[in-house]
Every structure is written in C-alpha cells, then in structure tokens.
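Chemist: If you scroll down you'll find the structure; I have some questions about it.
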Amino acid sequence: MTTANTSAPGDTTLEGTRPIDTPEPQASGAEWWRSAVIYQIYPRSFADANGDGIGDLAGIASHLEPLRDLGVDAVWLSPFMTSPQKDAGYDVADYCDVDPLFGTLADFDAMTARAHELGIRVIIDLVPNHSSDQHKWFREALASPPGSPQRARYMFRDGRGEAGELPPNNWQSVFGGPAWTRITEPDGRPGQWYLHLFDSSQPDFDWSNPDVWEMFRGVLRFWLDRGVDGFRVDVAHGMVKQEGLPDYTPPMDAGSMGAAGPLGLEPEIDEVEPVGAPYWGQEGVHEIFRDWHRVLAEYPGERVLCAEAWVDPLTETAKWVRSDEMHQAFNFAYLETPWKASALRAVIDESLRAFGDVGAPSTWVLSNHDVVRHASRFALTAPNPQGKGIGPKSPGKPIPEVGLRRARAASMLMLALPGGAYLYQGEELGLPEVIDLPDEARQDPTWFRSGGERYGRDGCRVPIPWEAGSPAYGFSPTGASWLPQPLDWGGYARASQVGKEGSTLELYRRALRLRREHRLGSGTLTWVDGLPEDVVAFRNGPVTVVANTGTSPVPLPAQLAAAEVLLASGEHSGASVPGDTTLWFRAL
Ligand code: NOJ
Ligand code: CA
C-alpha cells in the first residue's frame with residue numbers, strides 16, 4: 001500500500017475525505033510530517049467496542065470520523081501489541097501481533113484502512129529499549145545458562161558482593177527502586193541480575209548484539225508492509241548504555257532535562273531523566289536510527305520516525321533528527337516550559353534554531369500519556385516534577401477554570417507555530433487531569449514501585465467522554481471503564497461540545513482549519529516586538545498571534561485593534577487581549 005500525499009499542506013478541505021493513496025512523494029522540504037498535526041490515541045482509553053471497559057482497535061476504527069472532522073493529519077497509537085500490560089502495553093511480549101485485549105491483526109488492518117480512507121495517516125508505537133519479561137527471548141534467556149547467546153540479547157550481569165548478592169551497579173529504575181533484578185538460575189540457585197530501566201517486567205535489550213538489530217529491522221518491515229505511515233520510538237534516548245555500566249549519582253540540582261518545571265519553579269531532584277546519566281543519550285543510539293532510516297526509505301510514501309528522547313538541551317535533541325536519522329523528535333523542552341512569555345519566546349527561538357540547523361522542523365507538544373494534562377498543569381501552584389503526577393494528597397492543586405483558560409490559550413499559541421504539532425486525546429475537549437482517583441484504582445507501575453510516594457500517570461489516562469448521557473459517557477457500551485471517570489465529565493463530552501459556540505472542541509477545530517488554510521505549519525515565524533513583557537506576539541504568514549500569559553488585560557496597538565480577529569481562546573473586547581488569552585488576527 002502506498003500512502004504519499006501529493007497535495008500541498010493546506011490544499012485539502014476540512015470536512016471532506018482526504019484520500020492519501022497517491023504514490024508521488026513530496027519534494028524534499030515539503031513532506032507531510034513537517035507541518036502535520038498528529039493526534040495521539042491512547043488505545044485503552046479512546047473507545048471500547050466490546051464492552052470490557054478497555055478501549056480497542058474496533059473502537060478506534062468506528063470513532064475516526066470525529067478526528068477527521070477535527071482536522072488532524074495523522075494518529076499515533078500507543079502500543080496495542082501482545083503484552084501482559086504491566087506498563088499499559090509498553091511491555092511488549094510479541095512485537096508482530098495484536099494483544100487480544102485490543103483485537104486482532106485483522107482489526108488493525110481494518111482500522112488502518114478506515115483511517116487512510118478518511119485521509120488520516122497511522123503512526124504506531126515501537127518499544128525497542130526493552131521487551132516484556134514474557135517475550136520469547138527473555139524466557140529463553142532465563143532458561144539458558146550465564147554467558148549463553150540467549151542471555152546476550154539482554155543486559156545480564158553477575159552481581160557485586162561476595163556471593164553476587166548486590167546489584168551490578170547503583171542505577172535506579174525510572175519508576176523507582178533499583179534498575180536490577182536478580183534471577184533464579186535454572187538449577188535453582190540465586191543467579192545473575194538483569195537490567196530494567198523501567199519496571200522489573202521490562203528487561204532492557206542489549207543493543208550491542210546484532211540479533212537485536214536484526215529483530216527490530218524485521219519488526220519495522222512487518223508493520224511497514226501492513227501500511228503504517230511511521231513509528232513513534234519509545235525511550236529513543238536509552239537504548240545504548242555506557243561501556244562498563246559505571247555507577248551514577250544524579251547531581252542534587254538536576255531537574256528534568258536540567259530545566260525549570262512547568263511552573264518556572266526549580267523542580268525537586270528528578271529521578272526520571274538525570275542529566276548526564278550513563279544510560280541516556282549515548283552516542284551509539286544514532287547508528288541504530290541511521291539503520292532504521294534506510295529501512296523506511298525502502299518504502300514509498302514518506303514514512304516517518306519520531307523520537308521520544310528526553311535529552312537536554314535542544315541542540316542535543318536535534319541530533320536525533322539529522323537528515324539521515326529520525327524525522328521528528330518530541331519537543332519536551334517546549335512541553336516543560338511554564339506559561340510565561342519570556343520562557344516561551346526563548347524556547348520557541350531555541351527550538352526553531354536547533355532543529356533548523358539540522359534541516360528538521362520543530363515539533364510542539366503540551367500533553368501526552370506520561371504527563372499531567374496541561375489543562376491542570378498550567379494552574380498548579382506547587383512544584384510537580386515530571387512523573388510524579390497529582391493525587392488527593394498533592395499540594396498546590398489547580399483551579400480548573402484557571403487551568404482550562406490557560407490551556408486553551410497555550411494550545412492556540414502552539415497551533416500557530418511553524419512545524420509539526422502533537423495533540424493528546426481529550427485535550428481538544430479541555431479535559432483536566434483526574435486528581436481524585438482512589439488508591440485502589442491506580443494502575444501505573446510508578447505508584448507501586450514508589451510505594452505510593454508518586455501518583456504517576458493514571459490521572460491523564462482516564463477514558464475520554466463521548467456522550468454525556470450514555471454509559472461511561474459513551475466510552476463503552478456496558479458502562480465499564482478501566483479507570484473510573486469523574487461524575488462531572490458530561491460537559492466535556494464530545495457530543496456536548498460539537499457545534500457549541502465557545503466550546504474547546506470548536507476552538508480546536510477552528511484552529512486546525514485556519515492552520516491548514518493559511519499553511520501555518522509550513523510557515524515562518526517573525527516576532528512582533530513592542531508589546532508588554534507578558535505577551536508573546538508573532539506573525540506567521542497572513543496571521544498575527546498575540547498571547548497574553550499575564551493575568552491583566554493588555555491594550556492592543558491601534559493597527560491590531562482594527563484587524564479582523566480570526567480566532568480567540570477566550571472572550572475579548574477588541575481593544576485589548578485579556579489575561580491568559582490568545583488571539584489570532586488577520587495581519588494587515
Ligand atoms: C515512555 C512511555 O511513553 C511510557 O508510557 C513508558 O512507561 C516508558 N516509556 C517505558 O516504556
Ligand atoms: Ca474493549
């Protein structure tokens with residue numbers, strides 16, 4: 001199947017079907033992904049067709065029209081492959097099959113065909129840093145002796161101490177606790193240790209082993225042959241570990257990516273992405289991506305690789321998207337930037353420069369399945385390091401109205417920027433983080449491995465609402481839902497917002513339509529100076545964007561006050577931009 005799109009970005013209509021079955025590739029520099037809006041589907045929480053309370057592929061297939069109407073170019077699906085679900089599918093037991101929880105390969109094909117029919121490309125998640133402990137290879141490794149080729153596909157080491165009773169080094173798992181687990185050898189004796197940067201059920205592959213390279217080439221081809229348009233690559237910064245696996249102690253002042261957290265406050269010590277760790281951002285990863293780049297290039301239709309690489313600074317992230325490596329990398333520096341004009345201007349400048357220097361577009365993202373939803377994050381009043389989550393006992397809980405107002409303004413700023421934008425399911429509905437999940441409902445391994453000290457990510461993963469009056473708000477025909485949905489979510493339901501003036505959904509639809517019409521994704525940003533410090537203002541093609549990140553209204557210069565307002569994230573008078581509001585004007 002070929003999936004190239006010969007139409008220039010912006011040529012297609014919002015409401016109509018945009019078939020993508022045309023073979024000609026775009027001229028270099030105009031590829032679809034450079035300006036695309038990509039919508040993340042978290043399969044278990046999107047739509048449940050068979051009523052077991054867990055979203056599935058059939059549910060996705062039957063709910064794609066609303067995404068076409070929203071105006072997205074592609075969907076990225078978090079993992080749906082065979083998995084014991086210890087980390088919600090990021091623990092893969094068979095990379096080339098669908099977990100029965102989500103359906104079958106035939107369901108996948110049907111979903112992909114439907115998406116393509118609607119003009120929506122399909123990106124899937126690839127998890128190459130680790131597998132599940134239920135993967136055939138890991139089971140073989142456990143059943144084989146130390147030093148065997150089966151063990152050599154993972155990171156097995158002898159322990160330290162007299163009887164090997166201590167872990168091989170001091171590395172800590174991202175989810176809390178040691179990054180090593182000791183096994184019992186086939187003969188019943190306490191044995192070697194294996195490395196898992198995440199849960200103990202997620203053993204890390206050894207990427208110095210050619211078997212691993214070969215296996216993943218096969219996985220890429222398996223899905224490319226089925227017509228996928230690309231891959232989001234999980235933990236793309238962690239696949240290669242420093243030679244000798246040296247001990248590592250994070251510096252006391254290391255924040256997530258070494259940057260200030262979403263509030264602009266210094267974060268607490270961050271266990272998630274310590275700066276300079278011997279397991280993050282090692283030079284050796286790049287050769288792997290060059291190899292994959294070549295595999296994708298064998299296929300027609302501008303297939304894409306997008307890196308999940310939590311590295312710092314942006315000039316480092318840009319290495320993941322050099323012209324012979326991946327195509328996109330998530331801009332986590334942008335995601336972690338507070339709702340503060342000076343910080344936003346700086347990160348936008350830095351992003352455009354760093355990615356531009358390697359010939360890649362920047363991406364922009366505010367939410368995903370690992371972070372506190374931005375409709376809540378932007379109203380937190382206490383530090384909240386990445387991965388911690390918010391729950392009933394967290395300090396500094398957000399005021400929902402403030403969070404939503406800022407989120408709408410922030411999203412409207414993001415969607416006017418040149419480059420690719422990633423949306424996370426439910427943000428177009430204005431969904432907040434679910435804070436008051438009962439302890440017994442929580443499922444994130446972070447919660448268990450940190451002994452309840454970190455709430456983790458369940459709060460952003462609650463199944464999304466479709467219809468106010470239906471069971472589970474239309475998520476599931478039986479009303480079942482793997483995480484409980486709040487009682488007050490009726491107003492957020494998609495059906496409650498369709499066609500409703502001022503709704504968050506209609507705001508996003510309008511933004512995506514204007515973005516396409518005015519080709520903002522492939523445009524060029526020029527700063528508009530002379531406005532107060534709290535304001536981010538720029539021009540992109542025929543559109544001028546003014547975002548007021550402060551709380552007091554900012555008067556507009558006469559020229560803008562007279563200009564046509566194309567879009568407004570909140571109410572406005574015309575003469576000024578209210579606090580926490582973004583306006584788009586037709587530039588004069
Ligand atoms: C990043 C994924 O986004 C996250 O959900 C997962 O837990 C870890 N990688 C481990 O695969
Ligand atoms: Ca289901």
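Chemist: Output the residues belonging to the range 101-142 that are open to solvent by 40 Å² or more (accessible area, probe 1.4 Å) and within 16 Å of ligand 2 (Cβ to nearest atom).
Modeler: L101, T104, A106, D107, A110
Chemist: Could you check P145 against (1) open to solvent by 10 Å² or more (accessible area, probe 1.4 Å); (2) assigned to a helix (DSSP H, G or I); (3) of a type outside the set (D, E, K, R) and say which number it fails?
Modeler: (2)
Chemist: Continuing with this model, one more query. Give the residue, chosen from E440, E427, E506, E501, that is in contact (Cβ under 8 Å) with a residue 12 or more places away in the chain and either of a type in the set (D, E, K, R) or touching a His at 6+ places or on another chain (Cβ under 7 Å) (or both).
Modeler: On the way: E440 fails: in contact (Cβ under 8 Å) with a residue 12 or more places away in the chain; E506 fails: in contact (Cβ under 8 Å) with a residue 12 or more places away in the chain; E501 fails: in contact (Cβ under 8 Å) with a residue 12 or more places away in the chain.
Answer to the selection: E427.
Chemist: Are there helices (runs of 4 or more DSSP H) fully within the range 281-351 with at least 1 residues that are farther than 22 Å from N209 by Cβ and over 19 Å from the mean Cα position of the chain (by Cα)? List them.
Modeler: Hits in the range 281-351: 285-297, 314-317.
Chemist: Sticking with this one: Can you confirm whether S367 is closer than 25 Å to F198 by Cβ and either polar (S, T, N, Q) or open to solvent by 10 Å² or more (accessible area, probe 1.4 Å) (or both)?
Modeler: yes
Chemist: For the range 422-429, does any single residue satisfy the condition of being under 20 Å from V311 (Cα atoms), in contact with a strand residue (DSSP E or B) (Cβ under 6 Å, 6 or more places away or on another chain) and modelled with pLDDT of 95 or more?
Modeler: Yes, the range 422-429 contains a residue that is under 20 Å from V311 (Cα atoms), in contact with a strand residue (DSSP E or B) (Cβ under 6 Å, 6 or more places away or on another chain) and modelled with pLDDT of 95 or more.
Chemist: Have a look at P477, P484 and point out the one that is within 16 Å of ligand 2 (Cβ to nearest atom), open to solvent by 50 Å² or more (accessible area, probe 1.4 Å) and touching a helix residue (DSSP H, G or I) at 6+ places or on another chain (Cβ under 8 Å).
Modeler: That would be P477, the only listed residue that is within 16 Å of ligand 2 (Cβ to nearest atom), open to solvent by 50 Å² or more (accessible area, probe 1.4 Å) and touching a helix residue (DSSP H, G or I) at 6+ places or on another chain (Cβ under 8 Å).
Chemist: Applying the selection to the range 219-237, what residues are within 15 Å of ligand 1 (Cβ to nearest atom), touching a helix residue (DSSP H, G or I) at 6+ places or on another chain (Cβ under 8 Å) and part of a loop (DSSP other than H, G, I, E, B)?
Modeler: If the condition is that a residue be within 15 Å of ligand 1 (Cβ to nearest atom), touching a helix residue (DSSP H, G or I) at 6+ places or on another chain (Cβ under 8 Å) and part of a loop (DSSP other than H, G, I, E, B), then A236, H237 are the ones that fit.
Chemist: Next question. Residue by residue through the range 42-51, note down the ones that are within 14 Å of D107 (Cβ to Cβ) and within 16 Å of ligand 1 (Cβ to nearest atom).
Modeler: Once the filter is applied, which keeps residues that are within 14 Å of D107 (Cβ to Cβ) and within 16 Å of ligand 1 (Cβ to nearest atom), the range 42-51 yields P43, F46.
Chemist: So which of I435, I390 is modelled with pLDDT of 95 or more, surrounded by fewer than 20 Cβ atoms within 10 Å (Cβ to Cβ) and either of a type in the set (D, E, K, R) or on the phi < 0 side of the Ramachandran plot (or both)?
Modeler: I435
Each row is one residue, and each column tells you yes or no for (1) in contact with a His (Cβ under 8 Å, 6 or more places away or on another chain); (2) open to solvent by 20 Å² or more (accessible area, probe 1.4 Å); (3) near ligand 2 (Cβ under 9 Å from one of its atoms).
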{"site": "A36", "(1), (2), (3)": "no, no, no"}
{"site": "S45", "(1), (2), (3)": "no, no, no"}
{"site": "N50", "(1), (2), (3)": "no, yes, yes"}
{"site": "L64", "(1), (2), (3)": "no, no, no"}
{"site": "R68", "(1), (2), (3)": "no, yes, no"}
{"site": "W76", "(1), (2), (3)": "no, no, no"}
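Chemist: Could you say whether any residue in the range 322-336 is within 23 Å of R217 (Cα to Cα), open to solvent by less than 50 Å² (accessible area, probe 1.4 Å) and in contact with a Gly (Cβ under 9 Å, 6 or more places away or on another chain)?
Modeler: Taking every residue of the range 322-336 in turn, at least one turns out to be within 23 Å of R217 (Cα to Cα), open to solvent by less than 50 Å² (accessible area, probe 1.4 Å) and in contact with a Gly (Cβ under 9 Å, 6 or more places away or on another chain).
Chemist: Still on this structure: Just for the range 558-575: of the residues that are open to solvent by 60 Å² or more (accessible area, probe 1.4 Å) and not hydrophobic (A, V, I, L, M, F, W, C), which one is nearest to P532 (Cα to Cα)?
Modeler: Checking each candidate, the answer is Q559.
Chemist: Quick one: how many residues across the range 52-62 are part of a loop (DSSP other than H, G, I, E, B), more than 16 Å from ligand 1 (Cβ to nearest atom) and open to solvent by less than 10 Å² (accessible area, probe 1.4 Å)?
Modeler: Within the range 52-62, residues that are part of a loop (DSSP other than H, G, I, E, B), more than 16 Å from ligand 1 (Cβ to nearest atom) and open to solvent by less than 10 Å² (accessible area, probe 1.4 Å) number 2.
Chemist: On to the next question. Checking G258 against (1) open to solvent by less than 10 Å² (accessible area, probe 1.4 Å); (2) modelled with pLDDT under 95; (3) not aliphatic (A, V, I, L, M): exactly one of these is not met. Which one?
Modeler: (1)
Chemist: Let me ask you something else. So which residues in the range 175-193 are touching a helix residue (DSSP H, G or I) at 6+ places or on another chain (Cβ under 8 Å), open to solvent by less than 20 Å² (accessible area, probe 1.4 Å) and within 16 Å of ligand 1 (Cβ to nearest atom), if there are any at all?
Modeler: Within the range 175-193, F175, G176 qualify.
The values are calculated or read from the model by the stated rules, or taken from the named source; none is laboratory data. Predicted model only: the values in this text are computed from it and were never measured. Ideal geometry is used to build each Cβ from the backbone, glycine not excepted, and the neighbour counts take in all protein chains shown. When the accessible area is computed, the model is the full protein with side chains, heavy atoms only, and any ligands, DNA or RNA have been set aside. Shrake-Rupley method; radii C 1.70, N 1.55, O 1.52, S 1.80 Å.
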